[in-house]
Each structure stands twice: as C-alpha cells, then as structure tokens.
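Read the structure below first, then the notes.
What follows is calculated from the coordinates using simple rules that are stated; it is not laboratory data. Quick caveat: nothing in here was measured; it's all calculated off a predicted structure. Heads up, the Cβs are rebuilt from the backbone with ideal geometry, glycines too, and the neighbour counts pull from every protein chain shown.
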Amino acid sequence: MSRIQTTLDALKAKGRKALIPYVTAGFPYPDITPALMHAMVAAGADVIELGVPFSDPSADGPVIQAAGDRALAAGIGLVQVLAMVREFRQRDAHTPVVLMGYANPVECYDLRHGTGSTGSAFVRDAAAAGVDGVLIVDYPPEECQDFAAALRAASMDLIFLLAPTSTPSRMDEVGRLATGYVYYVSLKGVTGSGALDVAAVQQAVPRIRAHVTVPVGVGFGIRDAASAQAVGQVADAVVIGSKIIQLIDGQPRDQVAPTAAAFLREIRAALDAIQAA
C-alpha cells in the first residue's frame, strides 16, 4: 500500500478532506523548496505536489509557466528535484510527495541514467528518493501500462488528470490504471485560468466516481477558503497551485514559507469546517 493510499484512507476514516498544495520545485529560490514543503505540512497539507520544471508545458498557465522558467534558469531539473525530495525525507517520512510534470524530462532522465532493474532509471531513483506518486500530464492511459506497472512495483502511484471534456470511456480507461487519486481539472483551459464553476464540479464528481475507485481530487481555479470549502463538499481532496505561486512570488526569502503557510492554514480551517458542519 502506498503512502498516498494510507494517508487518504486515514483522512476518509476521520471524515476529513485532503489538502494538496502544488509548488514548482526551485521557485522562487533554487534551494528553498524542502523548507517550503515542511512549512506547508506544518500548516495542514496532507500531500504535496511538486512541479518538475519543463520548458514547454501544455497545461500550465502563465503563473506556473513563469515559475518553471525561473526554476529552469536557476538550473533546476529532474536530478535536482529528486535531491529536494531526498532532503525533505530526512525530516518527514510520512507526508506523500507527488511529482507533477511532463514526459520529456522523465524520458530524458532514463536516456541519461539507464534503465535499471525496473526498466526505468526514473522509477528506480524516484522510489529511492522517497517519491510516492507521479502525474505526467501528457501520458494518456493507453500509452503507459508498463510505466504504471513499474511504479506499482515500486510502491508508487500513477495519477491521471480528468477534465470536463473527459468521456465515460476515457474515465473507464483511467479507472483501470489510476492509483492514489485522480485529479479532476475543474475547468477547460490551463492552470489559473477562468472562474471556478462549483455547480459544474458538484455534477462532475459523482460521474467520475462511477468510473474510478480511487479518491477524487479537484484543482484548477481554487483560490481561497470559500472556493476550497465548496469543492471539498463533494471532492475527497482539494488541489491548489497557482494562488500559492502568486503569493510567494517576490517575497523575501525568509517570508516565502510563512506566506504559503498562512494561506494554507486558512484553507485547512475551511476544509475542517466541513467535518464539523
């Protein structure tokens, strides 16, 4: 059983919703990410999504794309991201970490570092670093059965995106391979774009549950405690990224972690109020 499943099962047993913040690795300072991750956990994060910087993202809006560009300019790649996870694990052996990114860095990593016993150097090294899950935006389910099997063998989850345009057959395909949780993109477009349509999310999540057995997280467009609470009424997890990136951008080094933590404490309180209601 993966750390993600253990964590989400424990939250469900307590009637609590999972808070999953996203940050771009190496932003806004190249060496700040492990400390930022610890601060987010202390503020109530249950799982952390760590973005792997990539030069040509297809799902990232301007906020996260700019963060990725700055991280790349500072020399942050997949090797450095895995090192950040290893550093985080020195003090935290429990909080699940999900790497979110694109196929190119993963496949380049394998080309440079060999295949290893798992068939993938990335899978081998991610597991050794303490990664718990992987979300590759441009890996459709029909193209990554072997990758999913290698991750499962290493006790890691493969997480898929679903969108408002996902068909029942696509949800079935995702349901056959997905472990950990599925990430429902609550709006059409890239991260940080558009306004959250809570009513549409409330209609979509039950449809998704008819096709998948893992928990459903919802992201894209959640920017404050009110929207997080509204989504948490129907979803198992709330994912927040662009707003955190905006808040920490431009902060002095010593204010990055406190700024993110203060925001997440508000979200955590709003989600916990669902349980109390």
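Summary table below
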quantity	calculated
Inter-part distance where region 233-277 and region 136-191 are each reduced to a Cα centre, Å	25
Derived scalar couplings ³J(HN,Hα) [region 99-113; Karplus, 6.51 cos²θ - 1.76 cosθ + 1.60; whole Hz; x for Gly, Pro]	8, 10, x, 10, 5, 4, x, 5, 6, 5, 4, 4, 5, 7, 10
Net length gained if the chain between ALA199 and ALA154 were fully extended (0.36 nm per residue, minus Cα distance)	12.4 nm
Built amide H within the under 5 Å cut-off of ALA163, gap 5+	VAL185
Inter-label distance for ALA103 and ALA262, nm, one decimal - labels placed 7 Å from Cα along Cα-to-Cβ	4.3
ASP157 long-range amide H proximity, modeled H, under 5 Å	GLY133, VAL134
Fully extended contour minus Cα-Cα distance, from ILE274 to LYS12, at 0.36 nm per residue	93.1 nm
Structure-based [θ]222 nm, the chain - -39500 (n - 2.57) summed over DSSP H runs of at least 4, per residue, nearest 500	-15000 deg cm²/dmol
Residue-by-residue Karplus 3J(HN,Hα) for region 217-227, coefficients 6.51, -1.76, 1.60, Hz, glycine and proline x	x, 10, x, 6, x, 8, 10, 7, 5, 5, 5
Percentage relative contact order, region 3-268, counting C-alpha pairs under 8 Å, at least six apart	23
